[in-house]
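Asks: There's a structure below that I have some questions on.
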């Protein structure tokens with residue numbers, strides 16, 4: 001009797017443990033569905049795809065690249081994972097911001113633009129902290145400088161996908177006659193100081209044509225300050241701090257304002273590439289994505305006297321400083337919707353930056369890749385030889401030059417801050433407006449017979465710089 005009773009208790013205990021295990025398993029599965037992402041796929045189902053939207057504002061070349069990448073994703077990875085990406089392009093960041101402001105109740109899952117737009121700092125918009133959902137290997141593959149530049153309040157808000165940089169494009173048909181007669185060479189243009197001095201020789205040689213147009217004044221000042229040892233904009237804790245180093249700004253001023261007044265520099269159009277194409281200058285710093293607008297004729301294809309023959313050089317540096325490669329301030333922010341859509345958005349961005357796609361996307365965009373695994377010329381050669389992408393010789397030469405330069409210099413991207421929005425606007429014209437006005441005044445005096453050296457000395461002097469630096473500091477955005 002005792003043995004039978006003991007047997008029944010053992011059976012009941014085993015049955016109880018089995019039932020308890022089943023309950024626990026279902027409980028865990030229920031918890032996964034309720035919280036951490038609806039299983040390992042966060043609720044994604046290829047039979048019932050989720051639509052994820054992205055609004056983007058960028059140059060026309062990157063916009064076309066975005067459109068192509070979205071299509072490739074939707075036809076492949078997206079179809080397999082149950083994700084459909086829908087894109088909406090805005091020609092200007094102003095129109096993007098206006099639409100965001102008017103449609104705050106119907107915002108997209110992702111917004112792609114520069115960190116210089118107010119929308120990224122709008123407290124009425126909830127953004128995802130990329131660090132919370134990004135895969136570790138994805139983060140490890142991205143250049144740290146690009147990640148740091150997308151951080152605000154210790155959260156990663158802007159995810160980099162590709163980055164425009166600055167290059168110098170030289171019209172060889174305008175440059176070579178001067179080079180041969182005056183014995184100057186293209187390699188001299190790798191320094192701002194040389195652009196200043198050689199530019200003055202060019203101005204006198206051509207009797208009034210300037211050598212160079214600097215495309216982005218903010219990049220020139222910000223990257224220059226960084227290279228010269230004192231970042232103009234800094235993040236300290238939760239505060240944004242501006243630091244103005246007089247010696248650094250003096251070199252920046254000398255090689256912009258002074259060069260402009262002397263005739264070395266010139267700018268008429270909003271975009272420097274337009275001044276280059278119109279023949280207003282022999283060279284211009286332009287966005288790397290704009291190289292395709294120069295056509296497909298290269299210096300190896302014939303006589304340099306043919307109009308439209310260009311050479312692409314890396315962005316000039318300041319003398320006796322370590323090389324700096326400036327990259328644009330763009331990125332993609334994910335607006336906080338729900339776990340499924342946030343996860344789907346992150347999957348798309350990770351796909352854009354993986355080893356198979358990021359260099360392809362960069363070449364389509366005319367920009368730098370952000371994935372450090374594929375930032376080499378060997379990978380570029382393999383990509384081009386695969387026939388997956390068509391590039392002109394000029395575009396290919398540019399990309400090869402940029403990748404080599406990127407790997408032999410330090411990257412610079414301005415920090416993310418609401419005060420950067422104001423700073424970027426302020427810097428655009430902070431030197432050039434006065435330089436253009438004084439250049440005209442100087443030219444007028446020289447034209448009526450005043451001695452050129454005496455006239456220039458009246459502008460390019462310590463007193464004039466002292467006035468400038470005081471006004472420059474005073475004009476910086478206030479807290």
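Asks: Can you find even one residue in the stretch 440-453 that is closer than 27 Å to residue 232 by Cβ, outside the structural domain of residue 69 (by TED's automatic domain parsing) and at pLDDT 95 or above?
Replies: The first filter runs over the stretch 440-453 and keeps only residues closer than 27 Å to residue 232 by Cβ, leaving none.
Looking for residues that are closer than 27 Å to residue 232 by Cβ, outside the structural domain of residue 69 (by TED's automatic domain parsing) and at pLDDT 95 or above, one finds none in the stretch 440-453, hence no.
Yes/no per residue for (1) within 21 Å of the chain's Cα centre (by Cα); (2) under 30 Å from residue 141 (Cβ atoms); (3) modelled with pLDDT under 95; (4) part of a loop (DSSP other than H, G, I, E, B):
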| residue | (1), (2), (3), (4) |
| --- | --- |
| 395 | yes, yes, no, no |
| 415 | yes, yes, no, yes |
| 434 | no, no, no, no |
| 470 | no, no, no, no |
| 473 | no, no, no, no |
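Asks: Return a yes/no flag: does the stretch 189-210 have any residue that is out of contact with any strand residue (DSSP E or B) (no Cβ under 9 Å at 6 or more places or on another chain), under 26 Å from residue 112 (Cβ atoms) and surrounded by fewer than 22 Cβ atoms within 10 Å (Cβ to Cβ). Write out each step before concluding.
Replies: Filtering the stretch 189-210 down to residues out of contact with any strand residue (DSSP E or B) (no Cβ under 9 Å at 6 or more places or on another chain) leaves 193-194, 197, 204-205, 207-208.
Checking the rest, the ones that are also under 26 Å from residue 112 (Cβ atoms) come to none.
Among the residues of the stretch 189-210, not one is out of contact with any strand residue (DSSP E or B) (no Cβ under 9 Å at 6 or more places or on another chain), under 26 Å from residue 112 (Cβ atoms) and surrounded by fewer than 22 Cβ atoms within 10 Å (Cβ to Cβ), which makes the answer no.
Asks: Looking at 186, 172, can you tell me which residue is over 30 Å from residue 352 (Cβ atoms), in contact with a strand residue (DSSP E or B) (Cβ under 6 Å, 6 or more places away or on another chain) and assigned by TED's automatic domain parsing to the domain that holds residue 271? Quick ask: steps written out before the conclusion?
Replies: Values: 186 fails: in contact with a strand residue (DSSP E or B) (Cβ under 6 Å, 6 or more places away or on another chain).
Selected residue: 172, the only one of 186, 172 that is over 30 Å from residue 352 (Cβ atoms), in contact with a strand residue (DSSP E or B) (Cβ under 6 Å, 6 or more places away or on another chain) and assigned by TED's automatic domain parsing to the domain that holds residue 271.
Asks: Quick one: count up the residues across the stretch 126-143 that are within 16 Å of residue 372 (Cα to Cα) and free of Cβ contacts under 8 Å to residues at least 60 places away in the same chain.
Replies: 4
Asks: Let me ask something else. Name the single residue, out of those in the stretch 82-103 being assigned to a helix (DSSP H, G or I) and touching a strand residue (DSSP E or B) at 6+ places or on another chain (Cβ under 6 Å), that is farthest from residue 53 (Cα to Cα).
Replies: Of the residues in the stretch 82-103, the ones assigned to a helix (DSSP H, G or I) are 93-102.
Filter once more, so that each one left must be touching a strand residue (DSSP E or B) at 6+ places or on another chain (Cβ under 6 Å): 93, 96.
Numbers: 93: 17, 96: 14 Å.
Here the answer is 93.
Asks: Just to be sure before I move on: is residue 390 assigned to a loop (DSSP other than H, G, I, E, B), more than 21 Å from the chain's Cα centre (by Cα) and in the same structural domain as residue 72 (by TED's automatic domain parsing) in the structure I sent? Can you show your working first?
Replies: Values: assigned to a loop (DSSP other than H, G, I, E, B): yes; more than 21 Å from the chain's Cα centre (by Cα): yes; in the same structural domain as residue 72 (by TED's automatic domain parsing): yes.
When the stated conditions are applied, residue 390 passes them.
Asks: Of (1) touching a residue at least 12 places away in the same chain (Cβ under 8 Å); (2) surrounded by fewer than 22 Cβ atoms within 10 Å (Cβ to Cβ), residue 381 satisfies all except one. Which?
Replies: The single condition residue 381 does not satisfy is (1).
Asks: Can you tell me which residue in the stretch 401-412 is nearest to residue 239 (Cα to Cα), limited to those that are in a helix (DSSP H, G or I) and out of contact with any strand residue (DSSP E or B) (no Cβ under 7 Å at 6 or more places or on another chain)?
Replies: Of the stretch 401-412, the ones in a helix (DSSP H, G or I) are 401-407.
Pick out the ones that are also out of contact with any strand residue (DSSP E or B) (no Cβ under 7 Å at 6 or more places or on another chain) and you get 403-404, 407.
Numbers: 403: 34, 404: 35, 407: 31 Å.
Here the residue is 407.
Asks: Within the stretch 104-111, can one find any residue that is within 21 Å of residue 356 (Cα to Cα), part of a helix (DSSP H, G or I) and without any contact (Cβ under 8 Å) to a residue 40 or more places away in the chain? Give the steps one after another, and end with the answer.
Replies: From the stretch 104-111, those within 21 Å of residue 356 (Cα to Cα) are none; that's our starting set.
No - not one qualifying residue is present in the stretch 104-111.
Asks: Report yes if some residue within the stretch 429-448 is touching a strand residue (DSSP E or B) at 6+ places or on another chain (Cβ under 9 Å) and within 30 Å of residue 370 (Cα to Cα); otherwise report no.
Replies: No, the conditions are met nowhere in the stretch 429-448.
Asks: Here's something else I'd like to know. Just one of the numbered conditions (1) in a helix (DSSP H, G or I); (2) out of contact with any strand residue (DSSP E or B) (no Cβ under 9 Å at 6 or more places or on another chain); (3) at pLDDT 95 or above is not true of residue 384; which one?
Replies: Unmet condition: (3).
Asks: Tell me the residue from 283, 299 that is at pLDDT below 95, closer than 26 Å to residue 404 by Cβ and either in the same structural domain as residue 170 (by TED's automatic domain parsing) or exposed (fewer than 15 other Cβ atoms within 10 Å of the Cβ) (or both), please.
Replies: Numbers: 283 fails: at pLDDT below 95.
The match here is 299.
Asks: Has the stretch 413-424 got at least one residue that is closer than 28 Å to residue 237 by Cα and out of contact with any strand residue (DSSP E or B) (no Cβ under 9 Å at 6 or more places or on another chain)?
Replies: The answer is yes, given that some residue of the stretch 413-424 is closer than 28 Å to residue 237 by Cα and out of contact with any strand residue (DSSP E or B) (no Cβ under 9 Å at 6 or more places or on another chain).
Asks: Can you tell me which residue is surrounded by the fewest Cβ atoms within 10 Å (Cβ to Cβ) among those in the stretch 427-445 that are touching a helix residue (DSSP H, G or I) at 6+ places or on another chain (Cβ under 6 Å) and under 15 Å from residue 221 (Cα atoms)?
Replies: Filtering the stretch 427-445 down to residues touching a helix residue (DSSP H, G or I) at 6+ places or on another chain (Cβ under 6 Å) leaves 427-428, 431-432, 435, 438-439, 442, 445.
In the following step, the residues that additionally are under 15 Å from residue 221 (Cα atoms) were identified as 427-428, 431-432, 435.
Values: 427: 22, 428: 15, 431: 22, 432: 19, 435: 23.
The selected residue is 428.
The values are calculated or read from the model by the stated rules, or taken from the named source; none is laboratory data. None of the values given here were measured: they were computed from a predicted structure. Positions of Cβ are backbone-derived with ideal geometry, glycine not excepted, and every protein chain shown enters the neighbour counts.
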